[in-house]
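**Student:** Structure in structure tokens, see below.
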Amino acid sequence: MPALNLSGLPIAITGASSGIGMITALLCARAGMPVALAARRVDRLEHLAVEIRRGGGRAIAVACDVAKPEDCARLIDRTNDEFGTLYAVFANAGYGVEGGVCELSDAAWRGIFETNFWGTLNTIRPALPHLLAAGRGHVLICSSVVSKMGVPNLAAYTTTKACQDHVGRALRLELGGKVHVSTVHPIGTNTEFSQVVTEKSGNRPRTARSPEAFRQTPEHVAEAVLRCLRRPRGEVWTSFTARMLAAIGTASPGFADFILRKHFEGKKKAIAQAAASGGA
Ligand SMILES: NC(=O)c1ccc[n+]([C@@H]2O[C@H](COP(=O)([O-])OP(=O)(O)OC[C@H]3O[C@@H](n4cnc5c(N)ncnc54)[C@H](OP(=O)(O)O)[C@@H]3O)[C@@H](O)[C@H]2O)c1
């Protein structure tokens, strides 16, 4: 199948004020897509929109809290009004929080579901009727490598990522190819994500950050998203090694538990040692 020419096809991207969403927006604009930029920090979106327009692209900034369905509906309406019928939507906004399964408060669990899970539904629901009416289009959801596995001290986050994965797969099958649906599964990516996790987790030492050697840039992820827009596929993996490890983990959960437990215990020990030597 020839690669799709994206020029002129409008896309709405949530979480465009930073990281993966911001770089994806820049690459989409460079490919000729009119881009609706959505997030809560609208000043950042305005800057990005100006940068895109200076480069000859088309962009609007839309203040949007994805936890609010009315904000997401407005995002889709504004995109249609400004650029003509929406072609694609990237439900990318999200954050992480650390804490044990029974340790995290109800408010923390509900809060992350409001943004990562409900935010995804809120974003794709108002978009879908337009794509279906047009008889073409693409829904992309930013899930994660951890969608396929629970991680100690990160269960609230990994559960939302698994939910996004399930929603994406079910929707893809329900739509039967009339509209493409893709889930994106990045590994640790060097964005503001980590800093936000630390803040949301009460600034305590992290046990669940991936090793430096196993991290990538938002540009790497955004390029994979662009490839998927041009040549649609169900799942976008940004690391072959991670994809293989996830597959092995699913086939052999005992082995995955062994590795995860070792990693978690090692981190806890290192944090305890650092605290002890700091206090000495
Ligand atoms: N970085 C990683 O290691 C990694 C790995 C796998 C998957 N991911 C996924 O990638 C996606 C993007 O994360 P990132 O790494 O680019 O992190 P980031 O730099 O922290 O960006 C997160 C974006 O989400 C937006 N956002 C958060 N809550 C929102 C809300 N309620 N309404 C609207 N926008 C909201 C933020 O904008 P405002 O604060 O301005 O609203 C920001 O633009 C997330 O879904 C994350 O789970 C990240």
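The values are calculated or read from the model by the stated rules, or taken from the named source; none is laboratory data. Because the structure is predicted, anything quoted here is derived from the model rather than measured. Every residue, glycine among them, receives a Cβ derived from its backbone with ideal geometry; neighbour counts consider all protein chains shown.
**Student:** Can you name the number of the only condition in (1) within 16 Å of the ligand (Cβ to nearest atom); (2) touching a strand residue (DSSP E or B) at 6+ places or on another chain (Cβ under 8 Å); (3) more than 23 Å from ALA133 (Cα to Cα) that THR14 fails?
**Tutor:** Status for THR14: all satisfied but (3).
**Student:** Shifting gears a bit: Within the range 121-129, does at least one residue satisfy the condition of being more than 14 Å from the ligand (Cβ to nearest atom), of a type in the set (A, V, I, L, M) and in contact with a helix residue (DSSP H, G or I) (Cβ under 7 Å, 6 or more places away or on another chain)?
**Tutor:** Yes; the residues of the range 121-129 include at least one that is more than 14 Å from the ligand (Cβ to nearest atom), of a type in the set (A, V, I, L, M) and in contact with a helix residue (DSSP H, G or I) (Cβ under 7 Å, 6 or more places away or on another chain).
**Student:** Also, quick follow-up: In the range 28-43, is there at least one residue being buried (at least 17 other Cβ atoms within 10 Å of the Cβ) and within 16 Å of VAL184 (Cβ to Cβ)?
**Tutor:** yes
**Student:** Here is a further query. Grab the helices (runs of 4 or more DSSP H) fully contained in the range 186-263, keeping just those with 1 or more residues being among the acidic types (Asp, Glu) and farther than 20 Å from ASP165 by Cα.
**Tutor:** Hits in the range 186-263: 193-200, 218-230.
**Student:** Here are some residues: ILE141, ILE112. Which one is within 12 Å of the chain's Cα centre (by Cα) and either of a type in the set (D, E, K, R) or under 24 Å from ARG40 (Cα atoms) (or both)?
**Tutor:** Numbers: ILE112 fails: within 12 Å of the chain's Cα centre (by Cα).
From the options ILE141, ILE112, the qualifying one is ILE141.
**Student:** Among the listed residues THR191, THR207, which satisfies the condition of being surrounded by 14 or more Cβ atoms within 10 Å (Cβ to Cβ), in contact with a Lys or Arg (Cβ under 6 Å, 6 or more places away or on another chain) and not small (Gly, Ala, Ser)?
**Tutor:** Every option except THR207 fails the conditions.
**Student:** Name the single residue, out of those in the range 147-170 being among the aliphatic types (A, V, I, L, M) and touching a Gly at 6+ places or on another chain (Cβ under 9 Å), that is nearest to PHE255 (Cα to Cα).
**Tutor:** Taking the candidates together, the pick is MET149.
**Student:** Residue by residue through the range 41-55, note down the ones that are of a type in the set (Lys, Arg) and either within 16 Å of the ligand (Cβ to nearest atom) or touching a helix residue (DSSP H, G or I) at 6+ places or on another chain (Cβ under 8 Å) (or both).
**Tutor:** Scanning the range 41-55 gives ARG41, ARG44.
**Student:** A further question follows. Out of the residues in the range 231-247 that are within 20 Å of ILE23 (Cα to Cα) and surrounded by 14 or more Cβ atoms within 10 Å (Cβ to Cβ), which is farthest from the ligand (Cβ to nearest atom)?
**Tutor:** Checked the range 231-247; the qualifying residue farthest from the ligand (Cβ to nearest atom) is PRO232.
**Student:** Before we move on, is ARG136 more than 15 Å from the ligand (Cβ to nearest atom), free of Cβ contacts under 8 Å to residues at least 60 places away in the same chain and charged (D, E, K, R)?
**Tutor:** Yes, satisfied.
**Student:** Suppose the filter is at pLDDT 95 or above, among the charged types (D, E, K, R) and within 13 Å of the ligand (Cβ to nearest atom); does LYS148 pass it?
**Tutor:** Values: at pLDDT 95 or above: no; among the charged types (D, E, K, R): yes; within 13 Å of the ligand (Cβ to nearest atom): yes.
Spelling it out, it is not the case that LYS148 is at pLDDT 95 or above, among the charged types (D, E, K, R) and within 13 Å of the ligand (Cβ to nearest atom).
**Student:** Within the range 170-204, track down each residue that is touching a residue at least 60 places away in the same chain (Cβ under 8 Å), under 18 Å from ALA108 (Cβ atoms) and more than 16 Å from the ligand (Cβ to nearest atom).
**Tutor:** ARG204, the sole residue that qualifies.
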